[in-house]
Amino acid sequence: MNSNTPITDIKGIGEKTRALFAKINIASVGDLLAHYPRDYEAYEPAVPIAEAAPGEICAIYASVAGIPNQKKVRNLTIINVNIRDNSGAMQLTFFNMPFLKKTLHPGGYYVFRGLIQTRGVAKIMEQPKIYSLDDYRRQCGQLMPIYGLTKGLTNQTVQKSVRQALSFYTFEKEYYPVSIIQKYGLLSAREALENVHFPANFHDMQDARKRLVFDEFFGFLLMLRKNKELTEDLPNSYPMLETADTIRFLEQLPFPLTKAQRKVWGELREDMAGSGCMNRLIQGDVGSGKTIIALLALLMCAANGYQGALMAPTEVLAVQHYESVQKYTEEYHLAFRPVLLVGSMTAAQKRDAYARIASGEANLIIGTHALIQNKVQYRNLALVVTDEQHRFGVRQRELLASKSEEGVESVTGAHPHVLVMSATPIPRTLAIILYGDLHISVIDELPANRLPIKNCVVNTAYRPKAYEFIAKEVAAGRQAYVICPQVEEGERDDLENVVEYTGKLKAALPSDIQIAYLHGKMHPTDKNRIMEEFANHNIDVLVSTTVIEVGINVPNATVMMVENAERFGLAQLHQLRGRVGRGEYQSYCIFISTNEKKETMERLDILNKSNDGFFIAAQDLKLRGPGELFGVRQSGDLAFQIGDIYTDATILQAASEAVDSLLDVDPALCLPENAFLAEHFSKNANMVDFRSI
């Protein structure tokens with residue numbers, strides 16, 4: 001077996017199981033082996049109720065005290081049952097498991113395993129797993145991998161398939177030079193794969209993960225350095241001078257630019273007028289005013305007679321940008337002739353847009369990835385503005401340059417200026433590594449008129465009050481987001497999921513409140529429809545995964561509630577929080593933690609104390625350690641498959657050092673000791689999302 005072998009070659013995987021694996025993007029043996037565990041479960045011996053610590057996952061061997069109590073709340077079946085041992089008693093709650101009323105016999109002894117929570121002074125467990133004592137003893141002492149799943153696909157099926165794949169897999173020759181393996185203490189690729197899936201202990205798992213994270217960062221940074229070599233000496237084919245257009249626009253705006261915005265605008269003007277092609281990143285907190293600076297650059301481009309493009313991550317946001325530009329153009333008589341280009345437009349609408357772009361009639365093209373499709377031909381595209389979801393590198397620039405109309409003097413084959421916007425708060429030490437191919441500008445202050453978001457960090461006992469608060473805000477005409485870390489039931493038992501939680505919320509909130517859910521596995525058309533309906537206030541409460549980090553601007557949304565907040569990084573929570581506080585109304589963020597450990601609550605409390613993304617990112621870097629390897633994956637750019645730039649900052653720095661040392665000695669990777677490495681990263685570019693290079 002090799003990476004390209006279909007998973008149906010694995011014994012036990014038929015058509016039905018293949019279809020389930022396809023839902024989580026696994027089609028080959030390589031895909032399966034790269035589907036790393038998202039966590040591990042250590043089965044510890046059962047503890048007495050009195051010793052079960054809140055915030056910990058514990059197993060308790062106890063008897064059922066009395067008949068389980070069942071109640072129905074709209075479509076939700078809730079069963080409460082008390083259990084008891086020699087040290088005390090506690091209550092268990094189960095949702096939509098009515099059969100337990102008959103199977104949990106009063107006086108019967110079982111092992112209940114789940115997260116210990118508190119309600120007042122009482123300890124509780126919600127949705128614990130149930131085992132017989134013999135079954136639980138058989139699992140004790142093992143470190144079992146937990147995989148990301150979909151409904152119908154079990155953890156056991158994935159484990160069994162991975163074991164078989166590892167047994168028959170043909171591993172390639174080690175590709176790192178011995179010097180790198182020894183200096184950074186790396187396992188072989190074979191050991192890493194075997195130990196990340198089935199580690200004997202926590203130490204072996206950490207060593208395996210270190211190698212895989214190093215690989216991921218090394219490949220990304222190697223391509224980044226190559227990208228920089230190709231871009232840093234590009235000449236400025238589109239020199240631009242500031243005109244009266246941008247000056248008049250700034251004078252007419254109803255708000256002044258902040259000092260940080262003025263500084264960055266000056267850097268952009270210098271870049272576009274200088275001798276070299278601009279390749280710049282604007283890094284700024286949510287709400288710091290990056291978009292208005294990008295708009296000024298696009299206006300300067302249009303006023304100089306060129307075309308500019310603004311690329312958004314979603315159709316909804318592209319439409320919002322287009323409508324904003326149209327409003328500004330009419331109100332302030334700007335030099336823009338904008339056109340919208342998104343995938344959902346009709347064929348006739350697209351033909352009209354293509355014609356206006358090719359003729360040069362449209363000098364600002366706003367859209368999604370549709371902007372770089374084959375049918376789009378630009379006349380003189382001089383500036384591309386993107387967010388970090390769509391970082392532009394050499395390949396995209398060459399693609400866009402090739403789209404200039406043949407015969408147009410001095411522009412065919414020329415490279416447009418590139419401006420990337422990022423709201424990801426990254427400490428400068430890491431930003432220099434991760435954005436090494438870009439010049440970095442920072443907007444590090446917020447406009448004075450923004451109302452600070454009010455935050456609170458609470459445990460699950462606060463949920464009823466949170467629901468009441470959401471209902472109150474909706475009654476006042478506002479909207480709310482609720483974030484869950486997973487998509488559907490079956491992925492993880494200890495984390496809230498979007499699909500099930502939506503039903504729970506519909507049962508808890510008044511029936512006239514419109515609730516819908518959103519997640520990354522939905523069809524793009526459905527995702528756009530839901531986001532559009534939320535933006536148009538046809539939906540009051542949107543239950544979503546972190547896919548909502550980017551892609552929508554709803555000033556009317558005033559509440560952000562995050563479930564299982566302890567599983568997210570602080571910087572990611574801050575970005576999620578940035579979905580609210582965008583309008584004139586006071587906004588609120590409620591972080592609900594199922595883990596009540598002192599250090600967990602203190603870490604989350606940093607969000608209570610600050611709305612400064614760069615401060616929060618610095619704290620995230622300081623506080624995240626090897627004990628928190630398995631948080632919720634980010635959905636934006638720089639979201640690596642297994643690595644995390646905060647938890648794995650030291651590995652990132654090591655990989656950066658290794659790449660620099662390697663290229664200093666052998667920039668073309670042509671020495672014999674680097675031959676396998678060059679071949680591996682050329683062949684396996686899909687290890688990282690190299691579409692951005």
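The values are calculated or read from the model by the stated rules, or taken from the named source; none is laboratory data. This is a predicted model, so every value here is computed, not measured. All Cβ positions, glycine included, derive from the backbone under ideal geometry; neighbour counts span all protein chains shown. Surface areas here come from the heavy atoms of the whole protein model, side chains and all, with no ligands, DNA or RNA. Shrake-Rupley method; radii C 1.70, N 1.55, O 1.52, S 1.80 Å.
Values for this structure:
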{"read-out": "Test result for Gly219, of a type in the set (Gly, Ala, Ser) and loosely packed, with under 14 Cβ neighbours inside 10 Å", "value": "no"}
{"read-out": "For Arg209: the one exception among (1) in contact with a helix residue (DSSP H, G or I) (Cβ under 9 Å, 6 or more places away or on another chain); (2) closer than 22 Å to Thr647 by Cα; (3) surrounded by fewer than 20 Cβ atoms within 10 Å (Cβ to Cβ)", "value": "(3)"}
{"read-out": "Filter result (small (Gly, Ala, Ser) and in a loop (DSSP other than H, G, I, E, B)) within the stretch 428-461", "value": "Gly436, Ala448"}
{"read-out": "Wholly within the stretch 189-267, helices (runs of 4 or more DSSP H) carrying at least 3 residues that are without any contact (Cβ under 8 Å) to a residue 24 or more places away in the chain and closer than 20 Å to Leu438 by Cα", "value": "none"}
{"read-out": "Residue satisfying all of: in the stretch 284-306; assigned to a helix (DSSP H, G or I) and small (Gly, Ala, Ser); nearest to Asn380 (Cα to Cα) among these", "value": "Ala302"}
{"read-out": "Looking only at the stretch 503-547, and only at residues there that are in contact with a Ser or Thr (Cβ under 8 Å, 6 or more places away or on another chain) and within 21 Å of Glu473 (Cβ to Cβ), the one that is surrounded by the most Cβ atoms within 10 Å (Cβ to Cβ)", "value": "Val543"}
{"read-out": "Helices (runs of 4 or more DSSP H) contained entirely in the stretch 462-538, each with at least 1 residues that are touching a strand residue (DSSP E or B) at 6+ places or on another chain (Cβ under 7 Å) and under 24 Å from Asn25 (Cβ atoms)", "value": "498-508, 524-535"}
{"read-out": "Any hit, the stretch 548-559, residues being surrounded by fewer than 17 Cβ atoms within 10 Å (Cβ to Cβ), touching an Asp or Glu at 6+ places or on another chain (Cβ under 9 Å) and in a loop (DSSP other than H, G, I, E, B)", "value": "yes"}
{"read-out": "Filter result for the condition that a residue is aliphatic (A, V, I, L, M), at pLDDT 95 or above and out of contact with any Leu (no Cβ under 9 Å at 6 or more places or on another chain), over Ile78, Ile60", "value": "Ile60"}
{"read-out": "Among (1) within 25 Å of the chain's Cα centre (by Cα); (2) part of a strand (DSSP E or B); (3) not small (Gly, Ala, Ser) - the single one Val339 does not satisfy", "value": "(1)"}
{"read-out": "Residue list for the stretch 266-276, filter: touching a Ser or Thr at 6+ places or on another chain (Cβ under 9 Å) and either crowded, with 22+ Cβ neighbours inside 10 Å or under 11 Å from Val385 (Cβ atoms) (or both)", "value": "Leu268"}
{"read-out": "Subset tally (residues that are open to solvent by 10 Å² or more (accessible area, probe 1.4 Å) and closer than 21 Å to Lys472 by Cα) for the stretch 561-580", "value": "1"}
{"read-out": "Test: residue in the stretch 232-251 that is closer than 27 Å to Ala678 by Cα, open to solvent by 50 Å² or more (accessible area, probe 1.4 Å) and of a type outside the set (S, T, N, Q)", "value": "yes"}
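Condition check ((1) more than 27 Å from the chain's Cα centre (by Cα); (2) closer than 30 Å to Gly14 by Cβ) across all residues:
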position: Tyr109; (1), (2): yes, no
position: Lys123; (1), (2): yes, no
position: Cys140; (1), (2): yes, no
position: Lys151; (1), (2): no, yes
position: Gln159; (1), (2): no, yes
position: Phe168; (1), (2): yes, yes
position: Phe171; (1), (2): yes, yes
position: Phe202; (1), (2): no, no
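The rows are residues; the columns are (1) under 20 Å from Ala461 (Cβ atoms); (2) surrounded by fewer than 20 Cβ atoms within 10 Å (Cβ to Cβ); (3) touching a His at 6+ places or on another chain (Cβ under 8 Å).
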residue: Glu56; (1), (2), (3): yes, yes, no
residue: Glu126; (1), (2), (3): yes, yes, no
residue: Ser132; (1), (2), (3): no, yes, no
residue: Tyr136; (1), (2), (3): no, no, no
residue: Val162; (1), (2), (3): no, no, yes
